[in-house]
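Only one structure is covered here, and it is reproduced in the block below.
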Amino acid sequence: MPDRAYRAAPADALRVEALGDLTAIFDRRSMQTHLVIAPMPEILAAMGGDACGADAIAARLAGEFDLDGEGDVAAIVADRLAELAAMGLVAEA
């Protein structure tokens, strides 16, 4: 399966607040608040304003976090991207 490219919502469209182990993401466009856990906020942060796929995001995350022994990181990121897309926080580019 090809690595789908996604683009995160514009930074000014989201308000992200850490709440211990949870992170609240308020989407100003839909007026919805999403409660997520790691690695969702980290994925959004790694995306920045770029359109990128799971492989690129996994490489960016590997630069910040020790991901050895975490399995197929790109596959995990691809699954999380699909979940973020279902929430409307990312869109296919």
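I'm told D3 meets every condition in (1) surrounded by 13 or more Cβ atoms within 10 Å (Cβ to Cβ); (2) part of a loop (DSSP other than H, G, I, E, B); (3) without any contact (Cβ under 8 Å) to a residue 60 or more places away in the chain except one. Can you identify the failing condition by its number?
Among (1) surrounded by 13 or more Cβ atoms within 10 Å (Cβ to Cβ); (2) part of a loop (DSSP other than H, G, I, E, B); (3) without any contact (Cβ under 8 Å) to a residue 60 or more places away in the chain, D3 violates only (3).
Among the residues of the range 10-25, write down those that are at pLDDT 95 or above, closer than 18 Å to A85 by Cβ and not β-branched (V, I, T).
Result: A13, L14.
Hey, can you tell me all the residues within the range 58-93 that are among the β-branched types (V, I, T) and at pLDDT 95 or above?
Residue satisfying the conditions is V90 alone.
Inspect all residues belonging to the range 39-47 and state whether any of them is more than 9 Å from the chain's Cα centre (by Cα), within 22 Å of D21 (Cα to Cα) and either small (G, A, S) or modelled with pLDDT under 95 (or both).
No, there is no match, as no residue in the range 39-47 is more than 9 Å from the chain's Cα centre (by Cα), within 22 Å of D21 (Cα to Cα) and either small (G, A, S) or modelled with pLDDT under 95 (or both).
Of all residues in the range 11-68, which are in contact with a Phe, Trp or Tyr (Cβ under 9 Å, 6 or more places away or on another chain) and of a type outside the set (V, I, T)?
Of everything in the range 11-68, those that are in contact with a Phe, Trp or Tyr (Cβ under 9 Å, 6 or more places away or on another chain) and of a type outside the set (V, I, T) turn out to be L14, R15, E17, Q32, H34, P39, E42, M47, A51, C52, G53, A54.
Mind checking which pairs have a first residue in the range 10-30 that is more than 15 Å from M47 (Cβ to Cβ) and a second that is at pLDDT 95 or above and of a type in the set (S, T, N, Q), Cβ under 6 Å, 6 or more apart or different chains?
Close Cβ pairs satisfying both conditions: A24/T33; F26/T33.
Check A45, A38, A59, A54 and return the single one that is in contact with a helix residue (DSSP H, G or I) (Cβ under 7 Å, 6 or more places away or on another chain) and of a type in the set (G, A, S).
Step by step, each of A45, A38, A59, A54 is checked, and only A54 is in contact with a helix residue (DSSP H, G or I) (Cβ under 7 Å, 6 or more places away or on another chain) and of a type in the set (G, A, S).
The values are calculated or read from the model by the stated rules, or taken from the named source; none is laboratory data. Please read all numbers here as calculations on a predicted model, not as lab measurements. Positions of Cβ are generated from backbone atoms using ideal geometry, with glycine treated the same way; all protein chains shown enter the neighbour counts.
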